[in-house]
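Here's the structure we're looking at; comments come further down.
The values are calculated or read from the model by the stated rules, or taken from the named source; none is laboratory data. Keep in mind that what you see is a predicted model, and the values were worked out from it rather than measured. Glycine gets a Cβ as well: all are built from the backbone with ideal geometry, and neighbour counts include every protein chain shown.
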Amino acid sequence: MLRILLTGSNGLLGQKIVYAALKRNDIQLLATSKGENRLHAKAGYQYASMDITNADEVTAIVENFKPHCIINTAAMTNVDACEKDQENCWKMNVEAVKTMTELCQRHNIHFIHLSTDFVFDGEKGNYSEEDVPNPLSHYARSKYESEKVVQQAKIDAAVLRTIIIYGVVDDKQRSNVVIWTINSLRQQKDINVISDQIRSPTLAEDLADACVQAALKRATGIYHVSGSETISILDMVNRTADFFQLDKKYIHPITTAQLNQPAKRPLLTGFNIDKAKRELNFRPHTLQQGLEIVKKQLEN
């Protein structure tokens, strides 16, 4: 049995990793997050409340559970909030990772760390694992710094970079581009949608499967894991509206410059995902297939 300790299990990706692990009989899972367990399924795995910025708490839980692998999905990911509260961003995204990698080194634990397309400056697009990051925001700098922490630790570790995750959490409360689009248009609310940012939308289930595969294979190095279609956020929103047969007259295109957000975003990302396909057997759904999965989950 592979013992996996998961951080951030209440988040969208965290929940999907729990469900991916529950489908297998060769994984023993300890899911952790701050506060109470927000998943509907409570059986088949253990849960503990854990604050990743509390080093003593993390140490006690790791040394008690003795995982073979830690999958770290917990992070401060609100890009503008990170720009405004740089200290807490660094605590969660860098200092907490240092604590975990030190424990991994001490106990020979495999570490899987989630990162982002935002480590790149968006000048080029279709980024490969060999491309050199150039972060534009404090959030992006914190994630790039965390990658370096992982790579410099003397441990077996994989960094999985991803892009614009979408999907449905159990309580249907957490938002992402797809859910925000559906809810806003159903309520006939006007929405400003960025027209000049190009991304590869990633279904949360696909990324979760890649995380589980990386754990089972004890993968090392950097992997780019995202959807295979590179489209504008506006196109993503329009396609979501079309799929759910919602009125697009409420969608108003806006440029990044017009939106004038506190944190700078890369305009053009998208990944070359060949390595993940080859080494992690990664097979992402198309956006159309992903929306079908979302629709089924929203109906349940």
> If you go through the range 157-172, how many residues are in a loop (DSSP other than H, G, I, E, B) and more than 22 Å from PRO133 (Cβ to Cβ)?
Replying inline: 6
> How many of the residues making up the range 104-148 are among the aliphatic types (A, V, I, L, M), surrounded by fewer than 21 Cβ atoms within 10 Å (Cβ to Cβ) and in contact with a helix residue (DSSP H, G or I) (Cβ under 9 Å, 6 or more places away or on another chain)?
Replying inline: 1
> Are any residues in the range 253-281 outside any helix (DSSP H, G or I) and either among the β-branched types (Val, Ile, Thr) or over 27 Å from ASN78 (Cβ atoms) (or both), and if so, which ones?
Replying inline: ILE254, THR255, THR269, ASN272, ILE273, LEU280, ASN281
> Residues in the range 182-202: is at least one surrounded by fewer than 21 Cβ atoms within 10 Å (Cβ to Cβ), in a helix (DSSP H, G or I) and in contact with an Asp or Glu (Cβ under 6 Å, 6 or more places away or on another chain)?
Replying inline: no
> Could you list, in sequence order, the residues of the range 145-190 that are hydroxyl-bearing (Ser, Thr, Tyr), within 24 Å of THR230 (Cα to Cα) and at pLDDT 95 or above?
Replying inline: THR162, TYR166, THR181, SER184
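Taking the options GLU147, GLU129, GLU123, name whichever one is within 20 Å of PHE282 (Cβ to Cβ), assigned to a loop (DSSP other than H, G, I, E, B), charged (D, E, K, R) and touching a residue at least 12 places away in the same chain (Cβ under 8 Å). Explain how you work it out, then say what you get.
Numbers: GLU147 fails: assigned to a loop (DSSP other than H, G, I, E, B); GLU123 fails: within 20 Å of PHE282 (Cβ to Cβ).
Going through GLU147, GLU129, GLU123 in turn, the sole match is GLU129.
Applying the selection to the range 232-252, what residues are part of a strand (DSSP E or B) and either among the charged types (D, E, K, R) or touching a Ser or Thr at 6+ places or on another chain (Cβ under 9 Å) (or both)?
SER232, ILE251
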> Which of the residues spanning the range 1-54 are crowded, with 20+ Cβ neighbours inside 10 Å and of a type in the set (Val, Ile, Thr)?
Replying inline: ILE4, THR7, ILE17, VAL18, ILE27, THR32, ILE52
>> For the range 247-281, give me each residue that is within 30 Å of LYS296 (Cα to Cα), crowded, with 18+ Cβ neighbours inside 10 Å and not small (Gly, Ala, Ser).
In response: ILE251, THR269, PHE271, ILE273, LEU280
> Pairs, please: C-beta under 8 Å, at least 6 apart or cross-chain, first residue over 11 Å from SER228 (Cα atoms) and in the range 274-300, second at pLDDT below 95 and surrounded by fewer than 16 Cβ atoms within 10 Å (Cβ to Cβ)?
Replying inline: LEU298/LYS172
>> Can you list the strands (runs of 3 or more DSSP E) lying wholly within the range 1-108 that have 1 or more residues being in contact (Cβ under 8 Å) with a residue 60 or more places away in the chain?
In response: 2-7, 27-33, 69-72
> From the list GLU229, GLU205, which one is assigned to a helix (DSSP H, G or I), of a type outside the set (A, V, I, L, M, F, W, C) and closer than 19 Å to PRO284 by Cα?
Replying inline: GLU205
